[in-house]
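Please treat every number below as a calculation from the coordinates, not as lab data. Because the structure is predicted, anything quoted here is derived from the model rather than measured. For neighbour counting, all protein chains shown are included, and Cβ atoms are generated from backbone atoms with ideal geometry for every residue, glycine included.
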Amino acid sequence: MHEDDIPLHLDTLAIRAGHTRTNEQEHGEPIFTTSSFVYESAAEAARKFSGEEPGNIYSRFTNPTVRIFEQRLAAMEKGERCVATSSGMAAILSTALGLLEAGDEIVASRSLFGSTVSLFSKYLGKFGITTRYVELSNLEAWEAALTPQTKLLFAETPSNPLSEIVDIAALADIAHRHGAWLAIDNCFCTPALQKPLELGADLVIHSATKYLDGQGRAIGGAVVGPHDLLEEVLGVVRTCGPCMSPFNAWIFLKGLETLGLRMRAHGENAIDFARWLEAHPNVERVHYSGLESHPQHALAKRQQSGFGAVLGVVVKGGREGAWSVIDATRLMSITGNLGDVKTTITHPATTTHGRLSDEQKQVAGIEEGLIRIAVGLEHLDDLKADIARGLDRL
Ligand SMILES: *Cc1c(COP(=O)(O)O)cnc(C)c1O
């Protein structure tokens, strides 16, 4: 085999894919801050508008900087094509609007990002698209929930905040046997640790806001998958307008360049922190798929090349205990966000999962003593000292 035939590694694609230099011979990726594009002649304009000749028309349709980001992320996820969007939620909305119609059904995992649940139940519901929720890791429950109207299966794996996992290959098989598509929100692992398309999923969804940027600078999203499905998603983005700005695309390009490096470093901090917390006398449980104590550790090891950096830590003393540990931190940011070099800490039962009833919280395993820590890249000794301040006093 000629060396040019060997597929490039993720770290190389993250730095090199998508950028073809312009005549200016720029080394870095250029930002095209232009709303529209011009033509040499009326005839050329007519050819571009009719689609007879490819090329840029208007930045809601295509933009060269956004295209570099799309090609780079598609290469990293091993997808044919990517469409960038203004946010992760816009990516999910555009996928649903592009692929579904009134009467269609979605089957989704119960442990989903809160806004995704609202989008499915409240907003898509208004237009005759219904959603049924099942336990993420229970394949029989997925299968039982499917009907002939089911068009889309939607899951986040690992889940937030308990790191539950679903077998993506098995779920893709269930979807395809019923003529449905499987979409995986790959926010927690990113293509650096998990490639759902290689495992059989049809679509990958991203909130670029999280680890793809990794430094808390911008809101954005993306959908990756095959040409035919992405053509429908692109149609929605072009027509309805939730497109990514060129400046944000450039920020995400800079984020992608260090994605592999950051995810390895996040993972190293997270596993050491998880082990240390698990051994702490005032910690009841740590939910993290990298721990041998995690019920799906073997599956996580098989389908992921790392475990990410989101820990669910149950401390003694219920809500009072959890709040006192959070309030004693001085370094960690108390915020519902995650996927940042800065470590973030939150109390899911009263923030990200506060909308759930007590019964729903119980079903979802959102205990009052649960703290979510999205482990950043600060020195681990400093993070341990920060959490120990409250934890040792419980
Ligand atoms: C944040 C998040 C989203 C939504 O992304 P935005 O960029 O905030 O719109 C979707 N899914 C998951 C798992 C997320 O964490």
May I ask for the distance between the Cα centers of the stretch 229-266 and the stretch 43-68, given as a whole number of Å? 19 Å
If the convex hull of the alpha-carbon atoms of the chain is projected onto planes in all directions, what is the mean projected area in square nanometres? 21.5 nm²
Whichever aspartates and glutamates have a C-alpha closer than 15 Å to that of LYS48, once near sequence neighbours (fewer than 8 apart) are set aside: GLU40
Quick one: if you stick a label point 7 Å off each Cα along the C-beta vector at LYS384 and CYS240, how many nm between them? 4.8 nm
How far is helix 380-391 tilted off the main Cα axis of the chain, in degrees rounded to 10, range 0 to 90? 50 degrees
How would you rank HIS287, HIS178, going from fewest to most other Cβ atoms within 10 Å of each one's own Cβ? HIS178, HIS287
Considering only C-alpha atoms, what is the centroid distance from the stretch 287-326 to the stretch 82-134, in Å? 27 Å
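Counting other C-beta atoms within 10 Å, which of THR209, THR130, THR116, THR190 has the fewest, and how do the rest follow?
THR130, THR116, THR209, THR190
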So how tilted is helix 318-328 from the main axis of the chain? Cα-based, degrees 0 to 90, rounded to 10. 70 degrees
How much net charge surrounds GLY200 when only the other residues with a Cβ under 13 Å from the Cβ of GLY200 are counted, with Lys and Arg +1 and Asp and Glu -1? -1
Given LYS210/LYS254; LYS210/LYS361; LYS195/LYS301; LYS342/LYS384; LYS78/LYS195, the pairs whose alpha carbons are separated by over 18 Å: LYS210/LYS361
Can you show me the helix-derived [θ] at 222 nm for the chain, built from DSSP H runs with n ≥ 4 at -39,500 (n - 2.57) apiece and divided by the number of residues, rounded to the nearest 500. -11500 deg cm²/dmol
As I understand it, the value is the acute angle between the Cα axis of helix 259-278 and the longest principal axis of the Cα atoms of the chain; what does it come to in degrees, rounded to 10? 10 degrees
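What full-extension length gain, to one decimal in nm, is calculated for ARG21 and SER324 as 0.36 nm per residue of separation minus the Cα-Cα distance?
Contour length minus the Cα-Cα distance gives 103.7 nm.
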Electrostatic dipole magnitude of the stretch 10-257 [Cβ: Lys, Arg +1; Asp, Glu -1; Cα centre; debye, to 20]: 580 debye
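Order by neighbour count: PHE127, PHE154, PHE252, PHE113, fewest other Cβ atoms within 10 Å first, most last.
Exposure proxy ranking, most exposed first: PHE127, PHE113, PHE154, PHE252.
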Run the quick spin-label model on GLN362 and LYS122: label points 7 Å from Cα toward the beta carbon, then report their separation in nm to one decimal. 2.6 nm
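So between GLU53 and SER35, what do we pick up on full extension, going 0.36 nm a residue minus the alpha carbon distance?
4.5 nm
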Where both residues lie in the chain, what percent of DSSP beta bridges are antiparallel, nearest 5? 55 percent
